[in-house]
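Undergrad: Could you have a look at this structure, given as structure tokens, before my questions?
The values are calculated or read from the model by the stated rules, or taken from the named source; none is laboratory data. This structure is a prediction, so every number in the text was calculated from the model and none was measured. Cβ placement follows ideal geometry from the backbone for every residue including glycine, while neighbour counts extend to all protein chains displayed. We work out accessible area using only protein heavy atoms, side chains counted, and drop any ligands, DNA or RNA first. Shrake-Rupley method; radii C 1.70, N 1.55, O 1.52, S 1.80 Å.
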Amino acid sequence: MHHQSLSGVGLGLRWQILDEVLAALDDPGSLAPVGFFEIAPENYMRRGGYFPAMLARVADRFPILSHGLTMSVGSVDPLDGAYLAELRRFLDRFAIPAHSDHLCFTGTGGFQSHDLLPLPFTREAARHAAARAREVREILGRPFAIENITYYLVPGEREMDEAAFLREVLEQADCGLLLDVNNVLVNSKNHGEYDPISFLSRLPLSRVVSLHVAGHERDLGRLIDTHGAPIADEVYPLVEWVIARTGPLPVVLERDNKIPPLAELLAEARRVREAYDRGISASRVAR
Amino acid sequence: MSASLAEIERAMLAEIRSPDGSGIYRTLVRRGLADVLKHQLPRTALHMGSRWDVEVARFLDATLPRSRYLRDTAFGFFHLGRERWQSDPDLPSFIVDLARWELLAFEVRNAPDDPAIVSPAPLALERGVRLSLAARVVRFDHAVHLLPDDEASTEPPAREPALLCAYRDEEMEMCTLDLTPSAAEILERLARGDALGDAVSGAAAACGIALDQAYLQGAASFLEDLTSRGVVRGPA
């Protein structure tokens, strides 16, 4: 199954729903509208036992997208060759044709924060991240896309805004964009209440290879991208707006905290699908 | 002059690692890692009570994880704290055993898969024995393996030494087998690569047991049992 050929709505596969997903494998229609799953390879790499074995069962029935957490594309630490080699073996094993990770750094000096830390919006950071994204693509031997993150501060002196930074990295790296529309919304509210559609209009939408949707919560005096709540109502029109301009793409519903039963996630996925379908209809009308 | 990318990244990490910072990323990173620790060590957290948060903060003040695999974080936490916890009169005497037990379960369940046995071969005295990659010989001063399954149970483990072989069963769950001292000796010697004959005779000598027919028959039965459990995978 080619990444590029996937479209529709998928679900981030998490331990908390794995048993329910496995139970439904013999009747894949019961998981509708979910047509594929996305996994974080770090959760399966360098381990045996139940989880990789169950992933193999899911992968027998559904296409799998790979979205990493620790590439640290913007870090000044050297790329981790051992990790990349193991990641490539993992992607080969499950015949996953592409990979993505976040436009951020996750650590430096050998330390791992296990969080997505923002890069300065500078030409140096853009050049550095783009060069590493190109290197990652070569090492993995398949397309590599970067995802826009939520950021709660901009470190250093900014030389451009987020949209310009993203554009510069994407153009220099000549890579795809995994566009998280919830992150766009959260950033727009946390950083001056700007219009998310205006932000999206400034992105090179032809580079978008997939979308993420998730929920956020108010905490610490701002919106935090917790993936611990249902998708906010304001996110659905953003899905529709983007799909109307890109045409069919894979859209992944992510939920990482306070994970409800699968039935609830599927109901939410149906709502995403409705927004997606409205976007598809609009794209046909536009043509 | 504006700061370089390297300077900016180092400064952010320093702020996150600082014991008394208040930045947003320091809060988020520490909160995330603390959640993971509690998820991996729920019983240890419960029995530590109010000390748990203190110990987590102490760990995060000292270091950040070095591993990109989040699941390794609890092992680092344990490694840093175990010696101190062992001699701390304010903590339950079983706390180190309990934490080791929780991590053992994690380690065994997630150990690399064994290669499939293509053509089973009999064991030979002059050769080593291939053991499952998930098998471990462990010693505890408390019967942590007999605690109720309910992670919320506050029942303390009995002070009772335990000598166990932990392994992964076909359901991919951790199981344990009580070992005699000589059985543990045999397994530990096999694990370090001794030939089967040397392991069996060495274990007898170490435990002051006569190398007689009864002992040899017992050793053979033990190895047969381990083979049926998938712990012994054939000759090395």
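Undergrad: Can you tell me which residues in the stretch A:1-56 are polar (S, T, N, Q), touching a residue at least 60 places away in the same chain (Cβ under 8 Å) and within 30 Å of residue B:105 (Cβ to Cβ)? So that I can check it myself, show each step before the final result.
TA: Step one: of the stretch A:1-56, the residues polar (S, T, N, Q) are A:4-5, A:7, A:16, A:30, A:43.
Next cut, touching a residue at least 60 places away in the same chain (Cβ under 8 Å) only: A:4, A:7, A:16.
The answer is A:16, and nothing else.
Undergrad: Another question, then. Applying the selection to the stretch A:14-71, what residues are farther than 30 Å from residue A:110 by Cβ, assigned to a loop (DSSP other than H, G, I, E, B) and touching a strand residue (DSSP E or B) at 6+ places or on another chain (Cβ under 6 Å)?
TA: Answer for the stretch A:14-71, where residues must be farther than 30 Å from residue A:110 by Cβ, assigned to a loop (DSSP other than H, G, I, E, B) and touching a strand residue (DSSP E or B) at 6+ places or on another chain (Cβ under 6 Å): A:33, A:62, A:63.
Undergrad: Given the conditions (1) touching a residue at least 40 places away in the same chain (Cβ under 8 Å); (2) open to solvent by less than 40 Å² (accessible area, probe 1.4 Å), which single one is not true for residue A:68?
TA: Among (1) touching a residue at least 40 places away in the same chain (Cβ under 8 Å); (2) open to solvent by less than 40 Å² (accessible area, probe 1.4 Å), the lone unmet condition for residue A:68 is (1).
Undergrad: Right, another one. Could you list, in sequence order, all residues of the stretch B:112-153 that are loosely packed, with under 11 Cβ neighbours inside 10 Å, closer than 30 Å to residue B:93 by Cα and either free of Cβ contacts under 8 Å to residues at least 40 places away in the same chain or not hydrophobic (A, V, I, L, M, F, W, C) (or both)?
TA: B:148, B:149, B:150, listed by residue number.
Undergrad: May I pose another question? Where in the stretch A:213-287 are the strands (runs of 3 or more DSSP E), entirely inside, with at least 2 residues that are under 12 Å from residue A:11 (Cα atoms)? Outline the logic, then answer.
TA: On the way: elements: A:217-219, A:222-224, A:250-253.
Hits in the stretch A:213-287: A:250-253.
Undergrad: Out of the residues in the stretch B:207-236 meeting the condition of being open to solvent by 60 Å² or more (accessible area, probe 1.4 Å) and part of a helix (DSSP H, G or I), tell me which one is farthest from residue B:125 (Cα to Cα).
TA: B:228
Undergrad: Among (1) closer than 26 Å to residue A:133 by Cα; (2) away from chain B (no Cβ under 14 Å); (3) open to solvent by 10 Å² or more (accessible area, probe 1.4 Å), there is one condition residue A:225 misses while meeting the rest; what is its number?
TA: For residue A:225, the exception is condition (2).
Undergrad: For residues in the stretch B:22-31 being surrounded by 14 or more Cβ atoms within 10 Å (Cβ to Cβ) and over 30 Å from the mean Cα position of the chain (by Cα), which is farthest from the other protein chains (Cβ to nearest Cβ)?
TA: B:23
Undergrad: A further question on this structure: Search the stretch B:28-57 for residues that are under 17 Å from residue B:151 (Cα atoms) and pair each with any residue that is surrounded by fewer than 15 Cβ atoms within 10 Å (Cβ to Cβ) when their beta-carbon atoms are under 6 Å apart and the residues are at least 6 apart or on different chains.
TA: Qualifying pairs under 6 Å: B:42/B:151; B:43/B:151.
Undergrad: Can I ask one more? How about the stretch B:1-18: which of its residues are crowded, with 19+ Cβ neighbours inside 10 Å and facing chain A (nearest Cβ under 7 Å)?
TA: B:5, B:8, B:9, B:12, B:13, B:16
Undergrad: Of all residues being surrounded by fewer than 21 Cβ atoms within 10 Å (Cβ to Cβ) and in contact with a helix residue (DSSP H, G or I) (Cβ under 8 Å, 6 or more places away or on another chain) in the stretch B:69-84, which is farthest from the other protein chains (Cβ to nearest Cβ)? Just the residue, please.
TA: The residue in question is B:82.
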